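J.: One structure is given below, represented as structure tokens, and several questions about it will come after.
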Amino acid sequence: MKSPHDPRYARHRFPAEVISHAVWLYFRFPLSLRLVEEMLAARGIEVSHETVRQWALKFGQDYANQIRRRLPAPGDKWHLDEVVIHIAGRKHWLWRAVDQHGVVLDILVQSHRDAKAAKRLLCKLLKKHGIVPRVMITDKLANYGAAKRVIMPSVEHRQHKGLNNRAENSHQLTRRRERVMKCFKSAGQAQRFLSAHDLVGNLFRRPANSTAADHRKARAQALTTWAEVAGLAAGV
């Protein structure tokens, strides 16, 4: 496959295929930078883990932004949840919203777990997606209700811990990556990484109750989309 002449990769020693593959490995699987380096070395590609880190910083969010524009519109039922994460010895809160299909709508790393933080998440969701959900589902944290009454008072709000398993389960991948990365280094780093990580996960997410044939078809389409956002499609 001949590398396309994409200006994003100008002055890079490695071709777009190598860079995009390294970024895909890092965001798609629970791999450390050194493991990505080793996997590339097994294919005869000698690149340092620091270079992989720089590629992830430069291209990860760009790829993720293009993925978001290609994904279908979110569902009308939003599940919101927050989980504590420790960054540099301080407690932070990771707020996440997913729709009824398990697609991550957005995340927000904040230092507080209050109504102001909940309002900030809702405002970010409305600004990004441009739609108001039909139903909002949360646990019994009162701050969600306070924020909803101000930001989107007409939305139905269901508060029940058992109804919010979808949002709670979405944190599992974050916990896995947190262990691999030996904790996030700063709130900004966590925000940048998870924003890209969750969108890449959305692209390759396996729909519930799908057959093996449907899964293979969806995976092939996801890989085609990845080639497009990485600028490789023209060279296929």
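J.: Return a yes/no flag: does region 79-93 have any residue that is out of contact with any Ser or Thr (no Cβ under 9 Å at 6 or more places or on another chain) and at pLDDT 95 or above.
T.: no
J.: Sticking with this structure for a sec: How about region 181-231: which of its residues are part of a loop (DSSP other than H, G, I, E, B), among the hydrophobic types (A, V, I, L, M, F, W, C) and closer than 19 Å to Val104 by Cα?
T.: Step one: filter region 181-231 for residues part of a loop (DSSP other than H, G, I, E, B), giving 181-186, 204-211, 230-231.
After this cut, where a residue has to be among the hydrophobic types (A, V, I, L, M, F, W, C) as well, the list is 181, 183-184, 204, 208, 230.
Across region 181-231, the qualifying residues are Phe204, Ala208.
J.: Taking only region 152-167 into account, find how many residues are open to solvent by less than 50 Å² (accessible area, probe 1.4 Å), in a helix (DSSP H, G or I) and either touching a residue at least 24 places away in the same chain (Cβ under 8 Å) or of a type in the set (D, E, K, R) (or both).
T.: 2
The values are calculated or read from the model by the stated rules, or taken from the named source; none is laboratory data. On a predicted model such as this, the values are computed, not experimentally measured, just so you know. All Cβ positions, glycine included, derive from the backbone under ideal geometry; neighbour counts span all protein chains shown. Accessible surface areas use protein heavy atoms only, side chains included; no ligands, DNA or RNA. Shrake-Rupley method; radii C 1.70, N 1.55, O 1.52, S 1.80 Å.
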